[in-house]
Amino acid sequence: MKTFIATISVFCLLSLIGITNALAQDPSYAGPAKMEVRSFWRQAAIFQGGRGSPTTLSNMAKALAAIKQKDPSYDTAAMDEAINGGQVKVDKISSDQSAKKQQQVDNMKNNSDKSWAKINADKILEYLFNQSLTTGSPTSAKIEAALAEYNAKAAELLAMDFGARDRSNQSLKMVFARLDSRVVGGTGAKGVEVKGTSPQDENEILGDASAERVKLFFVRMQLGQAKWDAARKLFPGETGYEKMYQLKTAEIAKYGSVEDLQKNIQKSNAEEIKNRRLPAPAMVDGATEKLFIDAFNKYLSDEMKGKAYKAILRTKDWGVIRHQISGVVLGRNRMAAVAFKGNDGKCYVKLGIIVEQQYIGSTFQGGKAVDARYGGGELPCEFAK
């Protein structure tokens with residue numbers, strides 16, 4: 001064992017001497033720059049061991065400069081070569097570190113971009129499918145602007161990568177729920193049966209065939225079509241959404257252009273006016289009929305642009321109005337149709353005027369017209385007597 005240890009010790013000593021000789025140009029050099037020579041090769045050995053840095057290289061360069069100053073005749077070719085090799089290693093280290101930092105920056109930016117893209121996608125989804133774009137009293141120009149913005153937002157979202165676009169994406173759960181609730185005749189799931197219906201707004205336009213009113217109605221239909229177009233493109237696996245788009249497209253095709261729709265409404269209005277009649281009374285009561293005529297002329301005359309002259313009771317008796325909690329009687333109401341002569345000389349009927357009376361001191365008093373939402377319109381004066 002002792003012989004083995006002694007052998008290893010001798011081998012290590014010889015190896016150390018070999019490394020020193022390999023690094024040092026001249027181990028026996030004892031000239032004026034001997035300290036700098038030794039310092040240089042010590043720094044070079046650090047590089048040789050793989051731990052070199054810009055500081056190590058700087059120390060080598062300082063030592064070399066001092067050598068050349070103290071002993072200009074000293075051969076520094078090997079030292080120059082060692083510095084060049086060290087510079088290559090330093091450059092590589094610096095390059096690797098720079099690349100690593102840039103990768104970290106890129107990763108952070110990508111993560112940030114993805115986060116912002118997700119936030120932005122959620123905002124656009126909210127805008128597309130859970131926001132009313134026709135609140136208030138919009139004009140056709142405003143709806144056209146809303147339609148253009150809607151299509152632009154839909155295109156922006158289609159270009160995004162916001163993850164799975166099917167029902168496996170839990171973040172889209174509410175979006176699917178909203179869309180499904182709007183699918184006619186089903187839930188919007190694959191294979192749902194969608195049945196055609198007339199546009200909900202169609203009745204609103206009867207009796208008013210003005211160019212602005214018709215165009216507003218038409219553009220609102222186009223906006224409805226755009227919503228289902230966005231839904232079917234964003235979620236192509238949903239059969240119900242595709243069918244709703246086809247339904248809206250067919251509705252628009254049925255009406256043709258704005259001009260076509262205006263002509264059709266004018267024609268329908270003319271036919272409706274021609275065939276409109278006063279309803280049959282549920283009962284006859286002159287005092288109550290006069291109450292309705294007076295209430296119309298007091299509360300609705302300006303709005304309707306005319307004066308009432310006849311009332312037709314639509315219900316046989318009054319309906320009692322009670323407090324929701326206590327049940328105490330607060331008043332009563334009743335409905336009648338009212339015929340009136342317009343300021344334009346034409347005859348009209350409003351089919352459902354609601355009049356309320358208050359319960360005061362054990363009696364019903366007053367008579368206020370509170371609701372005139374129900375249908376009606378112009379009718380031939382010979383049938384409005």
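Each value in this text was obtained by applying a stated rule to the coordinates, not by laboratory testing. Keep in mind the model is a prediction, meaning the values are calculated, not measured. Glycine also receives a Cβ, built like all others from the backbone with ideal geometry; neighbour counts cover every protein chain displayed.
Quick one: which of K290/K385; K346/K368; K263/K341 span more than 22 angstrom between C-alpha atoms?
Distance filter (> 22 Å) returns K346/K368; K263/K341.
Summarising the amide proton neighbourhood of A282: residues at separation of 5 or more, or on other chains, whose placed amide H is nearer than 5 Å comprise L313, R314, T315. For the range 260-318, applying the loop criterion from DSSP together with a ceiling of 14 other beta carbons within 10 Å to the trypsin sites (Lys or Arg not before Pro) yields R277, K305, K316. Phi angles of the range 139-149 translate, via the Karplus equation with coefficients 6.51, -1.76, 1.60 and θ = phi - 60°, into HN-Hα couplings of 8, 5, 5, 5, 5, 4, 5, 5, 5, 5, 5 Hz per residue; Gly and Pro are given as x. Relative protection proxy for 46-58, 172-184, 228-240, from highest mean packing down: 228-240, 172-184, 46-58 (other beta-carbon atoms within 10 angstrom). Between I321 and L330, G331, R332, N333, the built amide H atoms are under 5 Å apart, and every one of these is 5 or more places off in sequence or on another chain. Loop-located chymotrypsin sites (Phe, Trp or Tyr not before Pro) in the range 333-385 (DSSP state other than H, G, I, E, B) with a sparse environment of at most 16 neighbouring Cβ atoms within 10 Å: Y374. Straight-distance candidates among the lysines for linking to K153, with alpha-carbon spacing under 21 Å and chain neighbours fewer than 8 residues away dropped: K114, K118, K123, K142, K173, K227, K233, K248.
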